[in-house]
1. Does TYR193 qualify as being in a helix (DSSP H, G or I), at pLDDT 75 or above and of a type in the set (Phe, Trp, Tyr)?
2. In the set GLY153, GLY160, which member is outside any helix (DSSP H, G or I) and in the same structural domain as VAL81 (by TED's automatic domain parsing)?
3. Which of the residues spanning the range 87-97 are surrounded by fewer than 19 Cβ atoms within 10 Å (Cβ to Cβ) and part of a strand (DSSP E or B)?
4. Filter the range 170-186 down to the residues that are modelled with pLDDT of 70 or more and part of a helix (DSSP H, G or I) and list them by number.
5. Considering only residues that are in contact with a strand residue (DSSP E or B) (Cβ under 8 Å, 6 or more places away or on another chain) and surrounded by fewer than 20 Cβ atoms within 10 Å (Cβ to Cβ), which ones fall in the range 98-123?
6. Go through (1) within 28 Å of the chain's Cα centre (by Cα); (2) modelled with pLDDT under 90 for VAL128 and report which single condition fails.
7. Take VAL157 and tell me if it is buried (at least 18 other Cβ atoms within 10 Å of the Cβ), at pLDDT 85 or above and over 26 Å from the mean Cα position of the chain (by Cα).
Amino acid sequence: MVVIAPCHPYPRTPHPRLSTPSRRGGAFCASPSLPEAIPVVLPRPILAVAETYWVLARSAALALVLVIAACSSGKPLEGRVSHVRDGDTLEIGGTAIRLSGIAAPELDQPGGREARDALRRLTRSGHVRCDPTGETNSDRTIAVCRLGERDLGEAMVQLGVARDCPRYSRGRYAAAERQAGSGLARRYPLPSYCQR
């Protein structure tokens, strides 16, 4: 039970729960307009539920902060590729990773299945290391991924199944795209998000 103290103009001792005087002549009170003590009783189950929700909300907020910090910390993701979604997205241990600096056709676009199959072939043979850029796209972490020393984004562009995305690659794969000369540019125009 919580009791709100009455407002006395000059109490001899302050109320134990109220440690600061109000602005009315040094009186210790909860509110100048309250009558004598009004008992406020909150049933225990309501308090328990409120405390439970508060603890859950704090825990969820902390978990979210930790997940965001882990994703943006730049900590490398390593392992075998468990799934290739399309020509520029793969998964390692359930974490979706988008290859930074390239654009590959979606599965329903011309060349989309070819791009996905090429990325599957590239990643089938070994251990992949992905270094996050600190950016995310939908549910995907954006990263530069390597198979050994080979940059997977560059390999996809060299194979002619993906295009350099200059806004994000800063031209890193432009030479590889020129050398590939596969004609992908005619079938797959550069997406607007790649243009500077």
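1. Working: in a helix (DSSP H, G or I): yes; at pLDDT 75 or above: yes; of a type in the set (Phe, Trp, Tyr): yes.
So TYR193 passes the test.
2. Numbers: GLY153 fails: outside any helix (DSSP H, G or I).
Answer to the check: GLY160.
3. Quick first cut of the range 87-97, residues surrounded by fewer than 19 Cβ atoms within 10 Å (Cβ to Cβ) only: 91, 93-96.
If the condition is that a residue be surrounded by fewer than 19 Cβ atoms within 10 Å (Cβ to Cβ) and part of a strand (DSSP E or B), then GLU91, THR95, ALA96 are the ones that fit.
4. Looking only at the range 170-186, we keep the residues that are modelled with pLDDT of 70 or more, and these are 170-181.
Within the range 170-186, ALA174, ALA175, ALA176, GLU177, ARG178, GLN179, ALA180 meet the criteria.
5. Hits for the range 98-123 are GLU106, LEU107, GLY112, ARG120.
6. The single condition VAL128 does not satisfy is (2).
7. On the way: buried (at least 18 other Cβ atoms within 10 Å of the Cβ): yes; at pLDDT 85 or above: yes; over 26 Å from the mean Cα position of the chain (by Cα): yes.
Against the criterion (buried (at least 18 other Cβ atoms within 10 Å of the Cβ), at pLDDT 85 or above and over 26 Å from the mean Cα position of the chain (by Cα)), VAL157 qualifies.
The values are calculated or read from the model by the stated rules, or taken from the named source; none is laboratory data. This is a predicted model, so every value here is computed, not measured. In this analysis, Cβ positions are derived from the backbone assuming ideal geometry, glycine residues included, and neighbour counts consider all displayed protein chains.
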